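The values are calculated or read from the model by the stated rules, or taken from the named source; none is laboratory data. Predicted model only: the values in this text are computed from it and were never measured. Positions of Cβ are backbone-derived with ideal geometry, glycine not excepted, and every protein chain shown enters the neighbour counts. Just the protein is used for accessible areas: all its heavy atoms, side chains included, with ligands, DNA and RNA removed. Shrake-Rupley method; radii C 1.70, N 1.55, O 1.52, S 1.80 Å.
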Amino acid sequence: MTDDIGGGSLLVAWQLKEKRILIVGGGEIASQRIQSTLVADPYITVLAPQSGLHPRTRHFIETRDDRITYHDRTFQGAGELEGMAMALTALDDNDLSREIVGMCRERRIPVNAADIPDLCDFYFGAQIRDGPLQIMISTNGNGPRMASLIKSRLQKGLSGQEGNAIVKVGQLRNKLKERAPGVGGDVGRQRMKWMTTLCNQWEMEDFTALDDITMDKLLSEGWDQGGRVPSPVDFGIRPRKDTIANPYSIPLLHSAVAFAAGVLATTLLFLYRGKK
């Protein structure tokens with residue numbers, strides 16, 4: 001790890017919902033760009049000859065015609081960029097990619113040219129997605145394969161419950177805002193403090209057990225009671241410490257008691273016979 005500042009990129013979550021983006025090319029890289037951007041709910045225009053379509057690109061075009069408009073042709077000039085909020089090139093022709101980038105620069109349209117890092121306004125990275133959870137690993141254009149390897153390592157450290165837990169926390173926050181409305185000020189700071197304390201004290205898995213009834217109860221017994229933060233134990237989400245954690249403990253205890261009783265009975269029998 002290094003403490004050097006500079007030389008990196010600003011990692012942001014770009015909102016593309018209902019905006020128009022242009023993808024020039026139809027090969028494998030284009031299919032990756034379609035998949036990456038579709039999750040953001042834009043309207044995508046794809047320009048590529050039929051002969052150059054990758055099977056996955058073709059699949060997206062055929063199954064997502066609600067979001068994708070396809071034109072069986074090559075890039076025809078600056079008019080293709082009219083009304084676009086973003087442009088992506090996925091071409092083997094670097095000269096054409098550079099021309100398209102130049103046109104985008106003139107129109108202040110953010111652009112990414114596949115495999116030409118120095119022309120890109122932004123990069124695509126390896127991504128981990130689980131519902132609202134989005135994690136991006138970027139090598140700043142230096143080594144996409146390394147980003148993929150790091151992604152695999154990170155995934156091994158996740159339980160698979162993080163996305164669901166985040167959804168439940170978001171639902172709880174909305175319920176809290178309904179009980180304590182207002183933007184900023186003391187109420188906003190108190191809400192933030194309560195949610196922060198709750199997230200620090202509860203485990204990720206605890207949140208996945210919440211439902212509407214439990215959330216309302218949590219707010220009534222917590223927030224409404226002076227900002228108290230109840231324990232998951234209070235709602236039966238986590239077992240109490242005084243309960244026997246091992247499900248085999250009780251049978252084993254019974255066996256131990258039975259064995260001790262048997263030993264005692266045998267001892268008394270020998271003592272009784274010895275007195276005869």
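Descriptive notes on the structure:
- Amide H contacts under 5 Å for Tyr43: Glu18, Lys19, Arg20, Ile21, restricted to partners 5 or more places along the chain or on a different chain, H placed in the peptide plane at 1.01 Å from N.
- Note on the range 161-235: dipole from Cβ charges, positive end direction compared against Met204, Val233, Leu219; the farthest Cα belongs to Leu219.
- The charge dipole of the range 20-124, taken about its Cα centre with unit charges on the Cβ atoms of Lys, Arg (+1), Asp and Glu (-1) only, comes to about 240 debye.
- The length gained by stretching the chain between Thr74 and Glu205 to full extension, at 0.36 nm per residue less their Cα-Cα distance, is 42.1 nm.
- Subtracting the Cα-Cα distance of Ser36 and Thr63 from their residue separation scaled by 0.36 nm leaves 8.2 nm.
- Averaging the Cα positions of each part gives two centres, and for the range 3-64 and the range 65-133 these lie 8 Å apart.
- Partners of Lys175 within straight-line reach, counting aspartates and glutamates whose Cα lies under 19 Å from its Cα and excluding those fewer than 8 residues away in the same chain: Asp186, Asp206, Asp211, Asp212, Asp216, Glu221, Asp224.
- Accessible surface, the range 161-235, averaged per residue in Å² (probe 1.4 Å): 56
- Across Lys156/Lys217; Lys19/Lys156; Lys17/Lys177; Lys17/Lys151, pairs whose alpha-carbon gap is larger than 30 Å: Lys156/Lys217; Lys19/Lys156
- Whole-number percent relative contact order across the range 21-155, with pairs defined as alpha carbons under 8 Å at least 6 apart: 19
- Modelled label reach - Asp224, point 7 Å along Cα→Cβ, the range 171-190 residues with backbone N closer than 19 Å: 171-182
- FRET efficiency for the Leu10 to Lys217 pair, using the beta carbon distance and R₀ = 45 Å, is estimated at 0.60.
- GluC sites (Glu not before Pro) within the range 159-235, DSSP loop, no more than 14 other Cβ atoms inside 10 Å: Glu203
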